[in-house]
Ligand SMILES: *Cc1c(COP(=O)(O)O)cnc(C)c1O
């Protein structure tokens, strides 16, 4: 028979206790954390949906790899294992290991960036944007129009708007463009996938204008799942074949392996051009580590080599994507405004729509993140004007285009009953939504302010 329940395709070998708390206790914890979910103690969290980054459960195979890790400073066997897997997948000649994604970003965008340069992306992830802007360059997001229509079921809402891309290339001029970056899936844009057709069009434009195309491939396996099941012509290809085809269109790739390589720490930069690779390799050695470990332990590289293969396993990917959409679809049916269709690694709730009484300068997303923690001990993150808001010259907030709250699902960590608990919490969120107020920021940093900002609750 064909079962309709998609079970977790693994058994649990080792467990980690969750400490339960009362709502009154959480009220005190939240106050202590200045209403910023990043400042909470993880022991006070019941379901941690803050991020899917570095939070995966490793397999028995990966843990065995941890023991086998070769900690030699140079030429480690574990490095060669990682290098081979990354080379096979990306088809790129120069592989630089880094301790995580942003280290690779700082190296490549620091090298390509600087004053007067422009970077263009479907949506720059927060660390990507920060590294580009820190170099003095400008980062422009040009997702397709459908990406901001949360109720549209367009299958590839992560795509780049190619007409706008042509326009930006014309107005900024090709030689001033540091790179075009395709983020798969589009993390800050609802975890939506990018099609191979769109990637091909962008790649052709870049080639024509001699512009570097970089794939931010954190979730390339999840993106491949969507291509296989949504894009005509790819039904019979394997997920790895689809991913390889995507890499073949790019000149470089940046990966935070804390996502689709199923490890707790790791990343890499992959390049085809020797000149760029040599320059980046120098930067790597200055700040990350020697070229055969780049800030990673041998054991981390060993686990990464194994995880980057496991992630393409068809039963894993089916479970991964379908369990995320199970949560999202349930919330949608209950009347919670969520970004549709449901993305690969997370469910995004439209807080602006949920809390119409809270104006954007009082951060409706932050309010929902706080409510989820209070009501259920569920930790999430605001992806809206706290994360991406800016100030104009008079100090007035320039809000982000959307006010979302992301429920990022760690890989292979939570079971269906955890997810049912989250759904129940949302029933309460819906019941009490009209009595929720906004927040004001009382302390913040100049870059990536969401990590450390302190808030105060507004009472009317
Ligand atoms: C996580 C992430 C990064 C940054 O990686 P870190 O490992 O957190 O430094 C870059 N781009 C995207 C799309 C990401 O999701």
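Every read-out reported here was derived from the displayed coordinates using simple, explicitly stated rules and does not represent laboratory data. Since the model is a prediction, treat every value here as computed from it, not as a measurement. Note that we place each Cβ from the backbone using ideal geometry, even for glycine, and neighbour counts take in every protein chain shown.
Sorting 430, 40, 205 on the 10 Å Cβ count, fewest up front, what's the list?
Values: 430 13, 40 21, 205 18.
Lowest count first: 430, 205, 40.
Distance between Cα centroids, the stretch 1-68 to the stretch 164-220: provide it in whole Å.
34 Å
Share of antiparallel DSSP beta bridges in the stretch 135-281, in percent to the nearest 5?
Working: 7 of 14 bridges.
So the antiparallel bridges amount to about 50 percent of the total.
Divide by every residue of the chain the summed helix terms, -39500 (n - 2.57) for each DSSP H run of at least 4, and state the resulting mean residue ellipticity at 222 nm, rounded to the nearest 500 deg cm²/dmol. Don't jump to the answer; show the numbers that get you there.
Working: 16 runs with 185 residues, N = 460.
Helix contribution divided over all residues of the chain: -12500 deg cm²/dmol.
Run through the DSSP bridge list for the stretch 60-310 and note the antiparallel percent, rounded to the nearest 5. Could you put the intermediate results ahead of the total?
Values: 12 of 27 bridges.
Here the share of antiparallel DSSP bridges comes out near 45 percent.
Along each principal axis of its Cα atoms, how long is the chain end to end? Whole angstroms, biggest number first, please.
Principal extents (largest minus smallest coordinate, Cα): 59, 56, 45 Å.
Per q in 0.11 1/Å, what log10 I(q)/I(0) does a Debye calculation on the alpha-carbon atoms of the stretch 60-310 return?
-0.55
Listed highest first by mean packing, meaning other Cβ atoms within 10 Å per residue, what order do 29-37, 440-448, 47-55 come in? Working shown, then result.
On the way: 29-37: 18.8, 440-448: 13.3, 47-55: 20.9.
Highest to lowest by the protection proxy: 47-55, 29-37, 440-448.
Taking the DSSP beta bridges in the chain as the whole, what percent of them are antiparallel, to the nearest 5?
Values: 27 of 44 bridges.
Counting only bridges with both partners in the chain, antiparallel ones make up about 60 percent.
How far is the Cα center of the stretch 325-354 from the Cα center of the stretch 245-272, in Å?
28 Å
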